[in-house]
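Engineer: Take a look at the following structure, please.
The values are calculated or read from the model by the stated rules, or taken from the named source; none is laboratory data. Quantities reported herein were computed from a predicted structural model and do not represent experimental measurements. All Cβ positions, glycine included, derive from the backbone under ideal geometry; neighbour counts span all protein chains shown.
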Amino acid sequence: MKPVLMIHEIVYDLFQLPLQDYILTFDDGLFSQYHFSPLLKKIDTRKILFVSGKYVCRSNQRRQTYPAFYYSTTPEDARKSFDKSSGFVDHHYMTISEINYMRGLGFEIGGHGYNHIRDYSKKIEKRVEEMTDDVEKMIGWMESMFGITPKSYCFPFNKEPDLLREILKRKGIEEFFGAERIDVNELLNTVSN
């Protein structure tokens with residue numbers, strides 16, 4: 001099996017890498033992933049978009065505010081620029097139609113939680129409830145928006161609680177991605193040095 005790359009923001013320098021040698025996983029459904037879809041489509045490898053229902057663009061304003069990210073030198077610079085521009089804002093993400101477009105190009109759609117939760121409650125009863133609710137909401141949303149039940153899941157923030165993994169398995173999720181992935185920034189740094 002090919003090693004797996006973890007990709008968030010995409011910049012032009014990414015395409016100097018031998019991307020066909022990796023499984024490409026794209027976290028968060030960021031608009032730069034859609035913007036570069038014509039180039040990504042040409043790469044002969046498995047590609048998975050991991051999306052969260054809460055972080056989907058519901059507006060059309062981003063096209064005027066977003067282009068500076070495309071010309072950043074590295075994904076790290078793009079992320080810094082993203083954070084300075086108010087971070088998790090609606091227009092930094094793909095719309096449902098853009099996600100479906102990428103699906104039509106051959107990208108798989110995987111789950112990334114509905115709310116992209118960083119930390120769960122410390123009380124076990126509450127934690128089970130939060131995890132179960134988020135997974136059920138994610139599955140329902142993906143079924144209604146894309147007509148699919150996800151078979152793969154990427155842990156938000158690469159945190160992999162055993163309890164969440166068990167809940168996901170019971171809901172039919174078969175494949176998991178997390179901290180074992182290679183951060184594309186690390187790979188870019190080795191190429192540029």
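Engineer: Out of Ile43, Ile99, which single residue is aliphatic (A, V, I, L, M), modelled with pLDDT of 85 or more and crowded, with 17+ Cβ neighbours inside 10 Å?
Structural biologist: Ile99
Engineer: Please go through the stretch 161-175 and give me each residue that is in contact with a Phe, Trp or Tyr (Cβ under 8 Å, 6 or more places away or on another chain), surrounded by fewer than 15 Cβ atoms within 10 Å (Cβ to Cβ) and assigned to a loop (DSSP other than H, G, I, E, B), ordered by number. Break it down into steps so the answer makes sense when it comes.
Structural biologist: At the first step, the residues of the stretch 161-175 found to be in contact with a Phe, Trp or Tyr (Cβ under 8 Å, 6 or more places away or on another chain) are 161, 164-165, 168, 173, 175.
So of that shortlist, the ones also surrounded by fewer than 15 Cβ atoms within 10 Å (Cβ to Cβ) come out as 161, 175.
Across the stretch 161-175, the qualifying residue is only Pro161.
Engineer: Consider only pairs whose beta carbons are under 8 Å apart and that are at least six residues apart or on different chains; among these, list those whose first residue lies in the stretch 153-170 and is at positive phi and in contact (Cβ under 8 Å) with a residue 40 or more places away in the chain and whose second residue is buried (at least 16 other Cβ atoms within 10 Å of the Cβ) and among the β-branched types (Val, Ile, Thr).
Structural biologist: Once the first residue is at positive phi and in contact (Cβ under 8 Å) with a residue 40 or more places away in the chain and sits in the stretch 153-170, no partner that is buried (at least 16 other Cβ atoms within 10 Å of the Cβ) and among the β-branched types (Val, Ile, Thr) comes close enough.
Engineer: Kindly provide the set of residues from the stretch 133-160 that are under 18 Å from the mean Cα position of the chain (by Cα) and outside any helix (DSSP H, G or I), ordered by number.
Structural biologist: Residues satisfying the conditions are Ile148, Thr149, Pro150, Lys151, Ser152, Tyr153, Cys154, Phe155, Lys159, Glu160.
Engineer: Does the stretch 105-156 hold any residues that are surrounded by fewer than 16 Cβ atoms within 10 Å (Cβ to Cβ), of a type in the set (Gly, Ala, Ser) and within 19 Å of Asp27 (Cα to Cα), and which are they?
Structural biologist: Selection gives Gly106 alone.
Engineer: Would you pick out the residues in the stretch 25-40 that are crowded, with 23+ Cβ neighbours inside 10 Å and among the aliphatic types (A, V, I, L, M)?
Structural biologist: Selection gives Leu30, Leu40.
Engineer: Let me ask something else about it. Looking at the stretch 84-96, which of the residues that are modelled with pLDDT of 60 or more and in a loop (DSSP other than H, G, I, E, B) is farthest from Gly29 (Cα to Cα)?
Structural biologist: Across the stretch 84-96, the extreme among qualifying residues is Thr95.
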